[in-house]
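Below is one structure, written out as structure tokens; the observations come after it.
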Amino acid sequence: MNKNSSNIMALAPNTSNKRETVCIFGTGDFGRALGHKLIQSGYRVVYGSRSTQISNLIPKDAEVLGHAEAAQKAAVIIIAIQRQHYNFLTPLAEVLRGKVLVDISNNLKLNQYPESNAEYLAQLLPGSKVVKAFNTVSAWALQSGTLDASRQVFVCGDDVEAKQMVMNIVRAVGLTPLDKGSLLAAQEIENYPLQLFPMWKFPMFLSLGLTAFFLFYCVALDIIYTYIYENNNFSFFIAITIPNRVCPVLALILLALVYLPGIFAAIIQLYRGTKYRRFPDWLDKWMLCRKQLGLIALAFASLHMVFTLVTPLRAFASWRTGKGIISQALNNKTEPLNHTNAWLSDSYLALGILGYFLFVLLGITSLPSVSNNVNWREFRFVQSKLGYLALIFCTAHTLVYGGKWFLSPSAYKWYLPDIYMLSLIVPCAVLVVKFVLIFPCIDKPLTQIRQGWERNPKYSE
């Protein structure tokens, strides 16, 4: 079979109404769920079990036989049992010779055994064709039909035809197979379901660290300092006031950190004069988790919006407003409207609304269901051009709100700057450097480098 026909075969699903028989060893949750899905897809299913008694849990159109008898009826046998029970397959070696064995097992922890479960199965039954598949799909998703979040199925094996048979089954049940190569990839595939949000670890740890730092910073300046030097107890600020200060600060800093690695990448490419050299590992990992950083930033911005909306309902806000009204009444004096403050207040709110709108737009377009329906140019326009515009609006929102405090001595408690001053360091740095990078004298060579031009081709890797 030539290469082209092999590719066509890999892309074309089995569209025949008459499906072959598939054998499943194991009548546990996953074995039953997969069997039910296979029957719905037109396959005949026979279960191999120690007990041939029909259970109400077994799909009604399936057949239950002993292991040896069930194996003889199918060319593909799905091993839906745990690794520690594989030894019972050894006496069936002759019956299973030449059969395609699909290992779907997972472990309890990463790299639990020296070799993968699929490789161990291949060692036990060298006459069989072992394929790893289905281990990234849950029984619950198969039973409930909610397969959108786990539609991709990793498949690996040493026999090309055996892999193709399994990939056809994967397509037939409505899933998407992804060929990961030989059986050597089984260890990686088995580790995949055990990784808890692998791309979220750095963003989450960074966010938690920054949250803890800024919370402590605000408590120290707004509660402890006020209590010591002014004898005022504002401990209730912990509930709403301080979170409403920390959330926008974190949202702004994390949004800036989404675009900071792109700045570093541009500077490195300009320095090297080529795009054909790998970035440092820390920058590669940083760039891969930009989406997660942006979504966490959006979550903090949303919390800031909610906290701001409930602020007028607070007892402290009502007390402060009433105190101002009574003070004016007692002094028989009405404070005139300060048009400068009115402009600053309205500008601050307008910039915040526009920034949050673009923030939400960035979050929506990062969803797979949306990003898959836009082309690369449209996606880049939203995430890059509108993303920087969102950063500009959010930075201006913060500057208008707290810019006056930079020159106010009362803002430096214990000689420390206010939290809003700290929040402007990273975004302002990103915007200033980005402004320099768009100068034609810098943007033109950078564009040429990204299109493949090299300053010193002999040094490229």
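The values are calculated or read from the model by the stated rules, or taken from the named source; none is laboratory data. Note that the coordinates shown come from a computational prediction; the quantities given were computed from them, not determined experimentally. Here the Cβ positions follow ideal geometry from the backbone for every residue, glycine too, while neighbour counts run over all protein chains shown. For accessibility, only protein heavy atoms count, side chains too; no ligands or nucleic acids. Shrake-Rupley method; radii C 1.70, N 1.55, O 1.52, S 1.80 Å.
Among the conditions (1) within 27 Å of the chain's Cα centre (by Cα); (2) open to solvent by less than 60 Å² (accessible area, probe 1.4 Å); (3) more than 24 Å from Ile438 (Cβ to Cβ); (4) not polar (S, T, N, Q), the only one that Tyr225 does not satisfy is (1). Residues in region 406-448 that are free of Cβ contacts under 8 Å to residues at least 12 places away in the same chain, part of a helix (DSSP H, G or I) and over 30 Å from Val219 (Cβ atoms): Val432, Phe435, Val436, Pro440, Cys441, Asp443, Lys444, Thr447, Gln448. When we screen Leu178, Leu121 for residues that are in contact (Cβ under 8 Å) with a residue 12 or more places away in the chain and either crowded, with 23+ Cβ neighbours inside 10 Å or outside any strand (DSSP E or B) (or both), the only hit is Leu121. Do we find that Leu89 is open to solvent by less than 40 Å² (accessible area, probe 1.4 Å), in a loop (DSSP other than H, G, I, E, B) and either at pLDDT 90 or above or not assigned by the TED database to the domain that holds Ala186 (or both) in this structure? Spelling it out, it is not the case that Leu89 is open to solvent by less than 40 Å² (accessible area, probe 1.4 Å), in a loop (DSSP other than H, G, I, E, B) and either at pLDDT 90 or above or not assigned by the TED database to the domain that holds Ala186 (or both). Selection within region 97-118: residues that are out of contact with any helix residue (DSSP H, G or I) (no Cβ under 6 Å at 6 or more places or on another chain) and surrounded by 20 or more Cβ atoms within 10 Å (Cβ to Cβ). The member of this set that is farthest from His67 (Cα to Cα) is Ile104. Regarding region 282-294, can at least one residue be identified that is closer than 30 Å to Thr311 by Cβ, in contact (Cβ under 8 Å) with a residue 40 or more places away in the chain, buried (at least 18 other Cβ atoms within 10 Å of the Cβ) and touching a Pro at 6+ places or on another chain (Cβ under 7 Å)? Taking every residue of region 282-294 in turn, at least one turns out to be closer than 30 Å to Thr311 by Cβ, in contact (Cβ under 8 Å) with a residue 40 or more places away in the chain, buried (at least 18 other Cβ atoms within 10 Å of the Cβ) and touching a Pro at 6+ places or on another chain (Cβ under 7 Å). Given the condition open to solvent by 40 Å² or more (accessible area, probe 1.4 Å), at pLDDT 85 or above and touching a strand residue (DSSP E or B) at 6+ places or on another chain (Cβ under 9 Å), answer yes or no: does some residue in region 44-53 qualify? The answer is yes; a qualifying residue exists. Condition test on Val130, is it under 21 Å from Thr21 (Cα atoms), in a strand (DSSP E or B) and open to solvent by less than 70 Å² (accessible area, probe 1.4 Å)? Criteria met by Val130. Cβ-Cβ distances below 8 Å connect the following pairs, each with a first residue in region 262-276 that is part of a helix (DSSP H, G or I), a second residue that is of a type in the set (D, E, K, R) and open to solvent by less than 70 Å² (accessible area, probe 1.4 Å), and a separation of six or more residues or different chains: Ile263/Lys434. Considering region 405-451, the residues that are of a type in the set (D, E, K, R) and open to solvent by 40 Å² or more (accessible area, probe 1.4 Å) include one that is nearest to Tyr276 (Cα to Cα), namely Arg450.
If you filter region 319-348 down to residues that are within 19 Å of Thr395 (Cα to Cα) and either at pLDDT 90 or above or touching a helix residue (DSSP H, G or I) at 6+ places or on another chain (Cβ under 7 Å) (or both), you find that the one that is most open to solvent (accessible area, probe 1.4 Å) is Leu344.
Only a single item in (1) open to solvent by 50 Å² or more (accessible area, probe 1.4 Å); (2) closer than 19 Å to Arg245 by Cα; (3) within 29 Å of the chain's Cα centre (by Cα); (4) not hydrophobic (A, V, I, L, M, F, W, C) is not met by His397, and it is number (1). Where strands (runs of 3 or more DSSP E) sit wholly within region 24-86, those with at least 1 residues that are within 25 Å of Thr136 (Cβ to Cβ) occupy 44-48, 76-79. No other residue among Ile228, Ile224, Ile253, Ile263 is within 14 Å of Ile419 (Cα to Cα) and assigned by the TED database to the domain that holds Leu399 apart from Ile253.
Of all residues in region 308-366, which are outside any helix (DSSP H, G or I) and either free of Cβ contacts under 8 Å to residues at least 40 places away in the same chain or among the basic types (Lys, Arg) (or both)? Selection gives Arg314, Asn332, Lys333, Thr334, Glu335, Pro336, Leu337, Asn338. For region 63-86, the set of residues classified as in contact with a helix residue (DSSP H, G or I) (Cβ under 9 Å, 6 or more places away or on another chain) and either within 16 Å of Ile169 (Cβ to Cβ) or open to solvent by less than 10 Å² (accessible area, probe 1.4 Å) (or both) consists of Ala71, Ala75, Val76, Ile77, Ile78, Ile79, Ala80, Tyr86, listed by residue number.
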